[in-house]
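A quick write-up on the structure given underneath.
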Amino acid sequence: MNIPSNIGKSILLASCIFWIIYLIQEGDLDFAPIVVLSLIPISICVSLTIVITICPVFWALRKEKEDNKSLAKRCFPYYSIVAFSLCIYGVIASNFDAFFVSFLIAAYLTTAQSWVWFAKEKSS
């Protein structure tokens, strides 16, 4: 698994999704200067999420001689259901705060895409 490449692509994807959604919802360009600074917490969140929640699935649940694609087909639906449920709960609990909703949407879409990137890789 090429974890650094996946994390790098995920950081860029999460940043783009987060700021596009937030700027569309709020329309406030006062936050524009901190977009670059936001890469630091986004990088930390994305890296930890991938290493703590996605990589262990590929490391621990892989059956002998199973490729990444079949493992993703077997495990991703359950991961997606749990992640989506937690995101919906977070949206409701935050009272639909634009900043937090943007964060959760970016997190969900980024983890889903990260699964796709891992599934497309050749097994080692």
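The values are calculated or read from the model by the stated rules, or taken from the named source; none is laboratory data. Just so we're clear, the structure is a prediction, and the values are computed from it rather than from any experiment. Neighbour counts run over all protein chains shown; Cβ positions are idealised from the backbone, glycine included.
Within 14 Å of the chain's Cα centre (by Cα), at pLDDT 90 or above, surrounded by fewer than 14 Cβ atoms within 10 Å (Cβ to Cβ) and closer than 24 Å to MET1 by Cβ, is that true of VAL46? Here the answer is no, as VAL46 does not meet what is asked. Scan the stretch 65-124 residue by residue and report those that are polar (S, T, N, Q), surrounded by fewer than 16 Cβ atoms within 10 Å (Cβ to Cβ) and under 17 Å from the mean Cα position of the chain (by Cα). Those that are polar (S, T, N, Q), surrounded by fewer than 16 Cβ atoms within 10 Å (Cβ to Cβ) and under 17 Å from the mean Cα position of the chain (by Cα): SER80, SER85.
When we screen LEU37, LEU13, LEU48 for residues that are assigned to a loop (DSSP other than H, G, I, E, B) and either among the aliphatic types (A, V, I, L, M) or touching a Lys or Arg at 6+ places or on another chain (Cβ under 8 Å) (or both), the only hit is LEU37. Put simply, of ASN68, ASN2 the only residue that is under 30 Å from LYS122 (Cα atoms), at pLDDT below 95 and touching a Phe, Trp or Tyr at 6+ places or on another chain (Cβ under 8 Å) is ASN68. Beta carbons closer than 8 Å, at least 6 apart along the sequence or on distinct chains, pair a first residue in the stretch 67-94 that is closer than 16 Å to CYS55 by Cβ with a second that is of a type in the set (Lys, Arg) and part of a helix (DSSP H, G or I) for ASN68/LYS120.
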